[in-house]
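Accompanying notes for the structure given below.
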Amino acid sequence: WLLKSEWAKTLYYNLLLRYKDKYAVTIYSYNFMDNHPHLSGKLESRELFSDFFKLVNSRFAREVNKRMKRRGQVVMDRFQSPRIQSDQELLRVMAYIDLNQVRVGKVKYAEENRWSSYRYYAFGEADKLITPAPTYEELGITDDERQNVYREMVAAVLASDETICITGTHFIGDPKWVKEQYDNLRERGRIRREAQRAAMIQRMYRRE
């Protein structure tokens, strides 16, 4: 629960802010839980994305251990980064992320949580970490219109008790599209395994 304190959340926020542009990571939304963060956004490459989080997490771990006079691993699990099918699905994911602290009972209303993107999208509160999602820009002509639509959308998601699987999955979207992506993933894995097997057989023949 090393993200529970305000200073830890502030530290993590500032690290994301400091390095996101250097590694071409665009952050559309976020929510800091007490033991893990949720983010949505866009990346330029997997390599840059991986390097970004390696740096952020290592700097975070170093400061946490120093401040708490402790030693050992801080970030225990690897991040999960599912691919989102469309801009419309992205909006649903953003709403779900903004509601996480409401769902677990940490706050009664999403606007009570200062460590999420909700107040930016719902009320226009300044937030340097966020690049507005392109689909959000299309929700209305004026800021007031967009904010009102976003508040209504989040309220509708909460009222419907909708759940979106954002952990333990590689893809988020329409079930048919998700199945196609997993089928493609399995096919690429099969081709890779066959290529590896062929290469191994060739090496065996060369040794003979």
**Q.** Out of TRP1, TRP7, sole residue that is out of contact with any strand residue (DSSP E or B) (no Cβ under 7 Å at 6 or more places or on another chain) and not in a helix (DSSP H, G or I)
**A.** TRP1
Q) Out of (1) open to solvent by less than 30 Å² (accessible area, probe 1.4 Å); (2) modelled with pLDDT of 90 or more, what's the single condition that is false for ASP34? A) (2)
Q. Restricting to region 107-148, what's the tally of residues that are open to solvent by 30 Å² or more (accessible area, probe 1.4 Å) and either of a type outside the set (D, E, K, R) or more than 24 Å from MET33 (Cα to Cα) (or both)?
A. 17
**Q.** Residue list for region 107-135, restricted to those being basic (Lys, Arg), assigned to a loop (DSSP other than H, G, I, E, B) and without any contact (Cβ under 8 Å) to a residue 60 or more places away in the chain
**A.** LYS108, ARG114
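The values are calculated or read from the model by the stated rules, or taken from the named source; none is laboratory data. Here the structure is a predicted model, which means the values were calculated and not measured. We place every Cβ from the backbone using ideal geometry, glycine too, and count neighbours over all the protein chains shown. Just so you know, the surface numbers come from the protein's heavy atoms only, side chains and all, with ligands and any DNA or RNA stripped out. Shrake-Rupley method; radii C 1.70, N 1.55, O 1.52, S 1.80 Å.
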